[in-house]
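Notes for the one structure printed next.
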Amino acid sequence: MGRASPPTTRLRLMCSYGGHIVPRPHDKSLCYVGGDTRIVVVDRHTSLSDLSNRLSKTLLNGRPFTLKYQLPSEDLDSLISVTTDEDLDNMIDEYDRTATNNSNSSSKPSRLRLFLFP
């Protein structure tokens with residue numbers, strides 16, 4: 001019987017910032033254009049305040065932002081807001097669920113995508 005490995009103490013988060021969500025001309029589905037995307041590694045026990053401060057300093061030159069994330073199976077019109085530590089805990093639960101699904105699948109790995117909006 002397989003045993004699930006314990007979650008890692010650090011999270012690798014794909015963060016997109018500086019771009020815009022726009023409809024594609026041919027099918028009107030939403031896409032994110034412009035900006036940059038970076039992988040940021042953070043401690044899984046960080047608070048939302050600490051995470052926000054780190055992302056602001058590292059990616060946005062200290063500017064404030066709103067944090068949202070996209071689940072792998074959802075479109076960009078279903079972004080989930082992160083405004084409290086409970087929201088952050090829920091996001092980490094989704095991160096763990098995605099990581100578990102990736103380890104049980106032979107298809108292309110999926111991951112949560114975070115968006116930082118000014």
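Please pick out the residue among V42, V22, V33 that is of a type in the set (V, I, T) and either farther than 18 Å from L79 by Cα or surrounded by 14 or more Cβ atoms within 10 Å (Cβ to Cβ) (or both). Being of a type in the set (V, I, T) and either farther than 18 Å from L79 by Cα or surrounded by 14 or more Cβ atoms within 10 Å (Cβ to Cβ) (or both) holds for just one of V42, V22, V33, which is V42.
One residue stands out in segment 57-72 among those that are among the polar types (S, T, N, Q) and without any contact (Cβ under 8 Å) to a residue 24 or more places away in the chain: the one that is surrounded by the most Cβ atoms within 10 Å (Cβ to Cβ), namely T58.
Annotation: L76 fulfils all but one of (1) surrounded by fewer than 12 Cβ atoms within 10 Å (Cβ to Cβ); (2) among the aliphatic types (A, V, I, L, M); (3) over 24 Å from R10 (Cβ atoms); the unmet one is (1). Restricting attention to segment 39-55 and to residues that are touching a residue at least 40 places away in the same chain (Cβ under 8 Å) and assigned to a helix (DSSP H, G or I), the residue that is nearest to G18 (Cα to Cα) turns out to be L55.
The condition of being surrounded by 10 or more Cβ atoms within 10 Å (Cβ to Cβ) and within 11 Å of the chain's Cα centre (by Cα) holds for only one of L48, L13, that being L13.
Coordinate-derived values only; no laboratory data. What you are looking at is a predicted structure, and each value in this text was computed from that prediction instead of being measured. Note that each Cβ is placed from the backbone with ideal geometry, even for glycine, and that neighbours are counted across all protein chains shown.
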